[in-house]
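**Q** Provided herewith is a single structure, encoded as structure tokens, for subsequent inquiry.
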Protein chains: 2
Amino acid sequence: MDEIQIVDIKKSIFEDNDREAEQLRKELKAQHTFLLNVMSSPGSGKTTTIIKTLQKLKEEFRIGVLEADIDSAVDAERVVEAGGVAIQLHTGGMCHLDSGMTRTALESLGTEQMDLVILENVGNLVCPAEFDTGASSSVMILSVPEGDDKPLKYPLMFSVCDALLINKIDCLPYFNFDVAAVEERVKKLNPNIEIFEISANTGEGFDAWLAWLREKTNAWNGKAD
Amino acid sequence: MDEIQIVDIKKSIFEDNDREAEQLRKELKAQHTFLLNVMSSPGSGKTTTIIKTLQKLKEEFRIGVLEADIDSAVDAERVVEAGGVAIQLHTGGMCHLDSGMTRTALESLGTEQMDLVILENVGNLVCPAEFDTGASSSVMILSVPEGDDKPLKYPLMFSVCDALLINKIDCLPYFNFDVAAVEERVKKLNPNIEIFEISANTGEGFDAWLAWLREKTNAWNGKAD
């Protein structure tokens, strides 16, 4: 296995995270790099979803992956094994990423020649929702085994995302999960959110999700039809 | 349905959380109330596990439940519907409970006549591990669909708990989850931790878990054989 680069990132010194995030977003726009921030609970399938997305889009885009975790390099190793370019970020116990931490990570990866960078945020439905990373778009994953009440309990996370991926949809028969109820609860919080039902294991539902991501990336990078 | 009491709790004014937690623990010991702090990711089955535990032990102990969430009263409603005494705590966006918040919650519930109080912490594998609530014991739940790599990625949470409940064990056939690998990873972090395989849905494995909790509660309350 290739050696994984591990970058220790620390809490940003910038007090005004929103302003710094806006500045980072402008710079990424200017260099034609779309930054996708992926958030969810631990174990919802972020890494598996990112790897499948990477494998499906790697002929179309130059893609890099940033894997944030408190500890371990498990996720970056999985991405590299799958043929992707990735580095592992260690947050030193921090429960979220802010725009300064994201900037450090992007500089470590070297993203100037990349069309699409996927940032796997820390597995947490609370804190990451409160900090703008500077991403072009934010998406979240809710997996079927987590239950359909999550929009009621973590409303901010569902409010700040541009798309919701309902993952492990192939497990619906084994869990008491009401897809229609989730959609209604989420749309009430965030009427413009796009919702995709997927299985990162089987690939079910990926065509619609990839079409959305392709369109967003091309539009950001000035390559829309 | 009974009306649910909702208590808004704010970040403690106490700078020295550890000292305050120790003080709270002493007071709970003196009043013979065992406080169990339950932590996990969102959707691992905390509330279902707590309700089943309550139903199995309610003839033996006077039990109260504190349900912490960013928003909604879903969990406290479920406990009350199941015949329990519960209040809902709103953390105002806070991603964890500290000992001051726990003290406020205990005072709102009125726990002096209770043998066992179960505190459902905010669903989060990061921040709650860093703050001593003043509990007599802390346990965590890891559910099978979350994956067997979680001890590698959230080591502090696995280190600070006295017991680990591996929940949704009835779903093992549908997921790639290596129980032995989890046990090895967890014991490396925390050699003294007790591990129970349970299903809060089917009741599988509850006898051993309830025996552990019964023994701990009786010992704390001075009723050990």
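**Q** Around A:L109, what is the net charge, scoring Lys/Arg as +1 and Asp/Glu as -1 over all other residues with Cβ under 13 Å from its Cβ?
**A** Once positives and negatives cancel, what remains is -2.
**Q** Report the residue, chosen from A:S138, A:S159, A:S72, that carries the largest GNM mean-square fluctuation when chain A is represented by alpha-carbon nodes joined by springs under 10 Å.
**A** Evaluated over chain A, the most mobile residue of the options is A:S72.
**Q** Then there's this: Give me the accessible area of A:Y174, 1.4 Å probe, in Å² rounded to the nearest 10.
**A** Ignoring ligands and nucleic acids, A:Y174 comes out at about 110 Å².
**Q** Where does helix B:206-220 land angle-wise versus the long Cα axis of chain B, in degrees 0 to 90, nearest 10?
**A** That helix lies at roughly 40 degrees to the long axis.
**Q** If each DSSP helix of 4+ residues adds -39,500 (n - 2.57) and the sum is divided by the residues in chain B, what number results at 222 nm, nearest 500 deg cm²/dmol?
**A** -10500 deg cm²/dmol
**Q** Only Cα pairs within less than 10 Å get springs; with that Gaussian network setup on chain B, which residue of B:F61, B:F158, B:F175 has the largest fluctuation?
**A** Evaluated over chain B, the most mobile residue of the options is B:F175.
**Q** Looking only at Cβ-Cβ distances, which cysteines of chain A have no other cysteine closer than 4.7 Å?
**A** A:C161, A:C171
**Q** Order the following by accessible area, largest value first: B:T33, B:T202. Probe radius 1.4 Å; ligands, DNA and RNA are ignored.
**A** My answer, sorted largest first, is B:T202, B:T33.
**Q** Okay, moving on. Taking only protein heavy atoms into account and a 1.4 Å probe, give the accessible area per residue of segment A:27-184 in Å².
**A** 29 Å²
**Q** Please list, in order along segment A:133-141, the HN-Hα scalar couplings obtained from phi with the Karplus expression 6.51 cos²θ - 1.76 cosθ + 1.60 (θ = phi - 60°), rounded to whole Hz, x for Gly and Pro.
**A** Once θ is set to phi - 60°, the couplings for segment A:133-141 become 8, x, 5, 6, 9, 10, 10, 10, 10 Hz.
**Q** Output, in nm with one decimal and in ascending order, the distances from the A:N192 label point to the matching label points of the other copies (7 Å from Cα along Cα-to-Cβ).
**A** Nearest first, the other copies' label points are 5.4 nm away.
**Q** Calculate log10 I(q)/I(0) of the protein assembly as shown for q = 0.11, 0.12 Å⁻¹, where I(q) comes from the Debye formula with a single equal point scatterer on each Cα and nothing for solvent.
**A** -0.85, -1.00
**Q** Within a Cβ distance under 10 Å of A:L142, other residues only, what is the Lys/Arg minus Asp/Glu net charge?
**A** 0
**Q** Separate question: Give, rounded to the nearest 20 debye, the magnitude of the charge dipole that segment B:1-114 has about its Cα centre when Lys and Arg contribute +1 at Cβ and Asp and Glu contribute -1 at Cβ.
**A** Around 400 debye, computed over segment B:1-114.
**Q** Once you list every other residue whose beta carbon is under 13 Å from the beta carbon of B:E130, what net charge do they have if Lys and Arg are +1 and Asp and Glu are -1?
**A** In short, -3.
**Q** List the residues of segment A:142-167 that lose 10 Å² or more of accessible area once all protein chains are present, compared with their chain alone (1.4 Å probe, heavy atoms only, no ligands or nucleic acids).
**A** Hits at the 10 Å² cut-off: A:P145, A:E146, A:D149, A:K150, A:L152, A:K153, A:Y154, A:P155.
**Q** List the residues whose amide H sits under 5 Å from the amide H of B:N201, counting only those 5 or more places along or on another chain, with H placed 1.01 Å from N in the peptide plane.
**A** For B:N201, the qualifying residues are B:K168.
**Q** Taking a ≥ b ≥ c as the square roots of the eigenvalues of the Cα gyration tensor of chain A, is the shape rounded (a/c under 1.5), prolate (a/b larger than b/c) or oblate?
**A** It comes out rounded by the Cα gyration axes.
**Q** Of chain B, which part is the longest with no trypsin sites (Lys or Arg not before Pro) in a loop (DSSP not H, G, I, E, B) and with at most 16 other C-beta atoms within 10 angstrom?
**A** Longest site-free region, per DSSP loop and neighbour criteria: B:63-222.
**Q** Using DSSP loop states and a limit of at most 16 other Cβ atoms within 10 Å to flag GluC sites (Glu not before Pro), what is the longest stretch of chain A containing no flagged site?
**A** In short, A:113-203.
**Q** How large is the charge dipole for the protein assembly as shown, taken about the Cα centre, if only the Cβ atoms of Lys, Arg (+1) and Asp, Glu (-1) carry charge, to the nearest 20 debye?
**A** 40 debye
**Q** Still on this model: When all protein chains stay in place, what accessible area (Å², nearest 10, 1.4 Å probe) is found for B:W209?
**A** Ignoring ligands and nucleic acids, B:W209 comes out at about 10 Å².
**Q** Could you give the angle, 0 to 90 degrees to the nearest 10, between helix A:17-30's Cα long axis and the longest principal axis of the Cα atoms of chain A?
**A** Around 80 degrees separate the two axes.
**Q** Take A:D71, project a point 7 Å from its Cα along the Cβ direction, then tell me which residues of segment B:167-203 have their backbone nitrogen under 12 Å from it.
**A** Counting backbone N atoms under 12 Å from the label point, the list is B:185-191.
**Q** Another question about this same structure. About its Cα centre, what dipole magnitude does chain A give when the only charges are +1 on Lys and Arg Cβ and -1 on Asp and Glu Cβ, stated in debye to the nearest 20?
**A** In total the dipole reaches around 300 debye.
**Q** Mind scanning B:K58/B:K168; B:K58/B:K223; A:K216/B:K46; A:K46/A:K188; B:K56/B:K150 and naming the pairs with a C-alpha gap bigger than 27 Å?
**A** A:K216/B:K46; B:K56/B:K150
**Q** How far, in whole Å, is the closest Cβ of chain A from the axis that maps A onto B, and which residue does it belong to?
**A** For the rotation taking chain A to chain B, the closest Cβ gives A:P145, 2.
**Q** Please report, for A:S108, the nm distances (one decimal) from its label point, 7 Å out from Cα along the beta-carbon direction, to the equivalent points in the remaining copies, shortest first.
**A** So the label point of A:S108 gives 3.9 nm to the other copies.
**Q** Let me ask something additional. Kindly report, to the nearest 10 Å², the accessible surface of B:M157 as traced by a 1.4 Å probe over protein heavy atoms only.
**A** Solvent-accessible area, nearest 10 Å²: 0 Å².
The values are calculated or read from the model by the stated rules, or taken from the named source; none is laboratory data. Treat the numbers as computed from the prediction; the structure is a model and nothing was measured. A quick note on method: Cβ atoms are made from the backbone with ideal geometry, for glycine too, and the neighbour counts reach across all protein chains shown. Keep in mind that these areas ignore ligands, DNA and RNA; they rest on the heavy atoms of the full protein, side chains included. Shrake-Rupley method; radii C 1.70, N 1.55, O 1.52, S 1.80 Å.
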